[in-house]
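S.K.: Got a structure here, written out as structure tokens. Questions coming.
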Amino acid sequence: MVVSVPTTKQNDLSMSSIEHLFAYNKQWAANHVNDDPQFFKRLSDQQAPEYLWIGCSDSRVPANQLLGLAPGEVFVHRNIANQVVHSDLNCLSVLQYAVEVLKVKHIIVCGHYGCGGVIASMDNESRGLMDNWLRHIKDVYRFHREKLDAVTDQRERANLLCELNVMEQVANVANSSILRKAWDKNHNITVHGFIYNLHDGILKDLSVSVRG
Ligand code: CO
């Protein structure tokens, strides 16, 4: 569906800093109803997405838009550097709901090159609370130190860590009690690892899909 809405930039010029969001939203809703009068009625009755997206919080990597999916088509969890941590109740609850209630068929862990969280994990600066979160990415570095240290270009090394981080999180999803239980019951779910390029908007499949 092609939705034509005024950009937030255009509206910034004429409205207060937050009012334009309501104007944008009204126009967006009206466009959907115009294209499909039952759109919101249908969605309010139920959601049945086929995909769970676990991605980075980065504002430049929005799941729905870059996959061309409409509301209702992808269940989304995002955090800094697309982590799947075995003690993170937030992520695990999303995972359980997606698998057991929504019965998604595909789980996509998506990272992106130039990820600020991944880059921040590579230095020894202190950033307060978030150091505890970045610690998980430092662990990924430690697992693959030899391979990473062999890359001399700083940016290339960070991008390799972005890829390795996705692969690690795919393994974390696949090793979770939730996926093990689902696969034991022969549920048809595949876990994928993708990486997104901010420079051209293109998604790449890292070919690490796990299907039971
Ligand atoms: Co990021």
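S.K.: For segment 136-152, indicate whether the set of residues that are open to solvent by less than 40 Å² (accessible area, probe 1.4 Å) and within 15 Å of the ligand (Cβ to nearest atom) is non-empty.
M.R.: Scanning segment 136-152, I find at least one residue that is open to solvent by less than 40 Å² (accessible area, probe 1.4 Å) and within 15 Å of the ligand (Cβ to nearest atom), so the answer is yes.
S.K.: Can you name the residue in segment 51-69 that is assigned to a loop (DSSP other than H, G, I, E, B) and either within 16 Å of V104 (Cβ to Cβ) or within 14 Å of the ligand (Cβ to nearest atom) (or both) and, of all such residues, is farthest from the chain's Cα centre (by Cα)?
M.R.: Taking segment 51-69 and keeping what is assigned to a loop (DSSP other than H, G, I, E, B), we get 57-62, 68-69.
Still in the list and also either within 16 Å of V104 (Cβ to Cβ) or within 14 Å of the ligand (Cβ to nearest atom) (or both): 57-62, 69.
Details: S57: 7, D58: 9, S59: 11, R60: 11, V61: 7, P62: 8, L69: 14 Å.
Top of the filtered list is L69.
S.K.: Another question, then. With respect to V151, determine if the residue is within 15 Å of I119 (Cβ to Cβ) and among the β-branched types (V, I, T). Talk me through it step by step, then tell me what you get.
M.R.: Working: within 15 Å of I119 (Cβ to Cβ): yes; among the β-branched types (V, I, T): yes.
When the stated conditions are applied, V151 passes them.
S.K.: Tell me, which residue of segment 70-88 that is touching a strand residue (DSSP E or B) at 6+ places or on another chain (Cβ under 8 Å) and in contact (Cβ under 8 Å) with a residue 60 or more places away in the chain is farthest from the ligand (Cβ to nearest atom)?
M.R.: V84
S.K.: Next up: Wholly within segment 128-212, which helices (runs of 4 or more DSSP H) include no fewer than the required count, namely at least 2 residues that are closer than 14 Å to N82 by Cα? Talk me through it step by step, then tell me what you get.
M.R.: Values: elements: 130-143, 145-149, 154-174, 177-184.
In segment 128-212, 130-143, 154-174 are the helices (runs of 4 or more DSSP H) which contain 2 or more residues that are closer than 14 Å to N82 by Cα.
S.K.: While we're looking at this one, here's another question. Checking V101 against (1) away from the ligand (no atom under 16 Å from the Cβ); (2) more than 16 Å from the chain's Cα centre (by Cα); (3) more than 13 Å from Y51 (Cα to Cα); (4) of a type in the set (A, V, I, L, M, F, W, C), which test does it fail?
M.R.: All conditions are met except number (3).
S.K.: Would segment 104-114 turn up any residue that is open to solvent by 30 Å² or more (accessible area, probe 1.4 Å), of a type in the set (A, V, I, L, M) and farther than 22 Å from L164 by Cβ? Please lay out each step first, then the result.
M.R.: So in segment 104-114, the residues open to solvent by 30 Å² or more (accessible area, probe 1.4 Å) come out as 105-106, 113-114.
From the residues that got through so far, the ones that are of a type in the set (A, V, I, L, M) too are none.
There is no residue in segment 104-114 that is open to solvent by 30 Å² or more (accessible area, probe 1.4 Å), of a type in the set (A, V, I, L, M) and farther than 22 Å from L164 by Cβ.
S.K.: Can you work out which of the residues in segment 30-50 that are open to solvent by less than 50 Å² (accessible area, probe 1.4 Å) and in contact (Cβ under 8 Å) with a residue 24 or more places away in the chain is nearest to the ligand (Cβ to nearest atom)?
M.R.: P49
S.K.: Can I ask one more? Might you check whether a residue that is at negative phi, of a type in the set (G, A, S) and in contact with a strand residue (DSSP E or B) (Cβ under 9 Å, 6 or more places away or on another chain) occurs anywhere in segment 23-38? Explain how you work it out, then say what you get.
M.R.: Filtering segment 23-38 for residues at negative phi gives 23-38.
When the remaining residues are screened for being of a type in the set (G, A, S), the result is 23, 29-30.
If we keep only those that are in contact with a strand residue (DSSP E or B) (Cβ under 9 Å, 6 or more places away or on another chain) too, we end up with none.
No - not one qualifying residue is present in segment 23-38.
S.K.: Give me the pairs: first residue in segment 135-160 and without any contact (Cβ under 8 Å) to a residue 12 or more places away in the chain, second residue surrounded by 10 or more Cβ atoms within 10 Å (Cβ to Cβ) and of a type in the set (A, V, I, L, M), beta-carbon distance under 7 Å, and six or more apart or on different chains, which are they?
M.R.: The qualifying pairs are V151/L160.
The values are calculated or read from the model by the stated rules, or taken from the named source; none is laboratory data. Computed from a predicted structure; not experimentally measured. Quick reminder, even Gly has a Cβ in these numbers, built from the backbone with ideal geometry, and neighbours come from all protein chains shown. These accessible areas exclude ligands, DNA and RNA; they are computed on the full protein's heavy atoms, side chains included. Shrake-Rupley method; radii C 1.70, N 1.55, O 1.52, S 1.80 Å.
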